[in-house]
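Q: After the structure tokens below, expect a handful of questions from me.
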């Protein structure tokens, strides 16, 4: 290797014992040795190697010396405030981007990522997984559909409050056994596995949330198709025989099939639309975030991922997932007058987080 890092060699030959150890660890790492090998040779930890290598790259060999006082300085209160404002102007940011900004603008470099993380948290940012969004989503159609549904709700306010008409937001979920895999703290260098006979084993759920009371109902099915969709509607009618139902859902093929249309024609039997037993409305296409049931599925699946160590079979996975969601029914019904009023102001009801903890 051509580069010898002569400044580090000099420190290794003239420096104090601790400086020699730092210089040796950094030089081995820069020369291409595996971090673990460098750490073993110097009788230090891998973290030690990473720390002093970062300081060397930022401040040169002076940063490895005992008398070194660090980088030109930490952020002053006013500078910190400016950095927070700069972060808040961004929709997303990486630690690497923040490092470059601090180095270029304020000549500040922290040896630990924790200092950068604290700045991001102070700016009210959190570390999260990115989510896909359909590029075909049309915000104009989404807003138009919102207005359409809100107008219908406002028109039938009295019937909804009396229970004569029930508005439901409905969705299906396909729970795979493999979905139980998530993130967990475990020993470094060891693979954490969950035993399962077939990760593709699945369970289909049908669920609906009452947008006025917040009640969530759940039923299982072999799959999502016209037959099981009709079965779910019949079950809903059986549970609330006296009410008329409005179901709002997405545009899945079995939500608009010929078989479903035939079923509705027989069910509503030539009645005027205002007296139909079941009416169907669709959300705007390519925008699943309109439906709060999506959030409920996610809460249930996340709970299963966090508690995988309790679940030894797929039967137990589905049982616990159902229990986690269904156990909240009583609390789903507890809705304050203010929350009920909010339903009419914005049709998308967000189920309170405490309902699904």
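Q: If only one of 122, 156 is more than 22 Å from residue 325 (Cβ to Cβ), surrounded by 15 or more Cβ atoms within 10 Å (Cβ to Cβ) and modelled with pLDDT of 85 or more, which one is it?
A: Result: 156 is the single residue among 122, 156 that is more than 22 Å from residue 325 (Cβ to Cβ), surrounded by 15 or more Cβ atoms within 10 Å (Cβ to Cβ) and modelled with pLDDT of 85 or more.
Q: Something else: Here is a list: 27, 18, 4. Which entry is without any contact (Cβ under 8 Å) to a residue 24 or more places away in the chain, on the phi < 0 side of the Ramachandran plot and out of contact with any helix residue (DSSP H, G or I) (no Cβ under 8 Å at 6 or more places or on another chain)? Give the derivation first.
A: On the way: 27 fails: out of contact with any helix residue (DSSP H, G or I) (no Cβ under 8 Å at 6 or more places or on another chain); 18 fails: without any contact (Cβ under 8 Å) to a residue 24 or more places away in the chain.
The match here is 4.
The values are calculated or read from the model by the stated rules, or taken from the named source; none is laboratory data. For clarity, every value in this text was computed on a predicted model and none was experimentally measured. No Cβ is skipped: glycine too gets one built from the backbone with ideal geometry, and neighbour counts run over all protein chains shown.
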